[in-house]
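**Q** Here it is, the structure in full.
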Amino acid sequence: MAPASFQNAYPRELLAGDGLASANALLGAQLVRNDASGVRVGRIVELEAYRGPDDKASHARFGRTSRSAVMFGPPGHAYVYLVYGMYDCLNVVIEPSGRAAALLVRSVEPLEGVDLMRHAREEWAVGRAGGRGSSSDGAAWAAAARQRVAALPAARLASGPGLVCAAFSVGRDDGGADLCDAASPLHLELAAPGDPAFEREFGPRIGIGYAPEPWLGKPWRVWVAGNPAVSGPRTRR
DNA sequence: TCAAGGATCCGCT
DNA sequence: GCGGATCCTTGAA
């Protein structure tokens, strides 16, 4: 059965205004990956806003660089970067050209294509296994990694910025992709009309300890209250 | 609690 | 141009 999606391409104007308004609007929207392997759809349940060169937690704090150039472009495009050497993170560019703001997609609740996401997570985990040590039991390690992923509840398949990219096969090749174009293999869609209502919660962003106040404490992280797919701060693990 | 991993940036020459 | 520090994380121990 064809998904009810592909008709509700996300309106770019919802991303062109104030960053926090964009974050509020995007929470609950759908992330869609449509490629040769099939269709994967998830609901965005956690976001963080990074708001321009003045925001000392944002990559834009260095000004325009080759890495962050996409963020300085028009809203609705994907900004994908590598962090800690091994994790890709997906951001949605917001605010008008030249403002260099973006929303980091931290968590997604799987809706369709859960098996594809699980398979992608397995492949990703096995890929990581290859880089670990020199052990001759690499195959065993990979098998164990597959087993761990297989045991995960669906809600944990994309509950973290690196995991979102793993589950949706997002890489830096996707950087610059137009997420407001329904024909794009990776794009956003409005929430389905029948989606349940939810409450929003706000708090400080995660992993930006290097940033000074007031940026450190800005409540620019927003998530769906009580949703099991929300990653939350590490201290909750 | 800690190691893994590599792109990116800054400061220095 | 080069070298070192840093980093929007994760999973294993």
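**Q** For A:Arg128 and A:Leu152, what does the FRET efficiency come to when R0 = 25 Å and r is the distance between their Cβ atoms, rounded to the nearest 0.05?
**A** 0.95
**Q** Ok, one more. If packing is taken as the mean number of other Cβ atoms within 10 Å per residue, what is the order of A:222-231, A:158-167, highest first?
**A** In decreasing order of mean packing, A:222-231, A:158-167 become A:158-167, A:222-231.
**Q** In addition: Could you work out the equivalent-ellipsoid semi-axes for chain A, taking the square root of 5 times each eigenvalue of the Cα gyration tensor, largest first, in whole Å?
**A** Ellipsoid semi-axes (Å, largest first): 27, 22, 18.
**Q** What's the Kirkwood radius of region A:32-130 in Å, using all Cα pairs?
**A** Roughly 14.8 Å, rounded to one decimal.
**Q** To continue, here is another question. Looking only at A:Arg43, A:Arg121, A:Arg61, which one moves most when chain A is put into a Gaussian network model with springs between Cα atoms under 10 Å?
**A** Among A:Arg43, A:Arg121, A:Arg61, the largest GNM mean-square fluctuation belongs to A:Arg61.
**Q** Using the Cα centre of chain A as origin and beta-carbon charges of +1 (Lys, Arg) and -1 (Asp, Glu), tell me which of A:Gly209, A:Ser22, A:Tyr10 is placed farthest towards the positive end of the dipole.
**A** Towards the positive end, the residue furthest out is A:Gly209.
**Q** Also, quick follow-up: Pick out which of A:Asp88, A:Asp173, A:Asp55 has the largest mean-square fluctuation in a Gaussian network model of chain A, springs linking Cα atoms closer than 10 Å.
**A** Residue with maximal mean-square fluctuation among A:Asp88, A:Asp173, A:Asp55: A:Asp173.
**Q** Treat every Asp and Glu Cβ in chain A as -1 and every Lys and Arg Cβ as +1, leave all other atoms uncharged, and give the resulting dipole magnitude about the Cα centre to the nearest 20 debye.
**A** Roughly 820 debye, rounded to the nearest 20.
**Q** Relative to the Cα centre, what is the charge dipole magnitude of region A:1-119, using +1 at the beta carbon of each Lys and Arg, -1 at the beta carbon of each Asp and Glu, and rounding to the nearest 20 debye?
**A** Approximately 280 debye in magnitude.
**Q** Describe numerically, in nm with one decimal, the distance between label points set 7 Å from Cα along Cα→Cβ at A:Lys56 and at A:Val83.
**A** My value for the distance between the label points is 1.9 nm.
Read-outs throughout are calculated quantities, based only on the coordinates presented, and are distinct from any laboratory measurement. Computed from a predicted structure; not experimentally measured. Neighbour counts run over all protein chains shown; Cβ positions are idealised from the backbone, glycine included.
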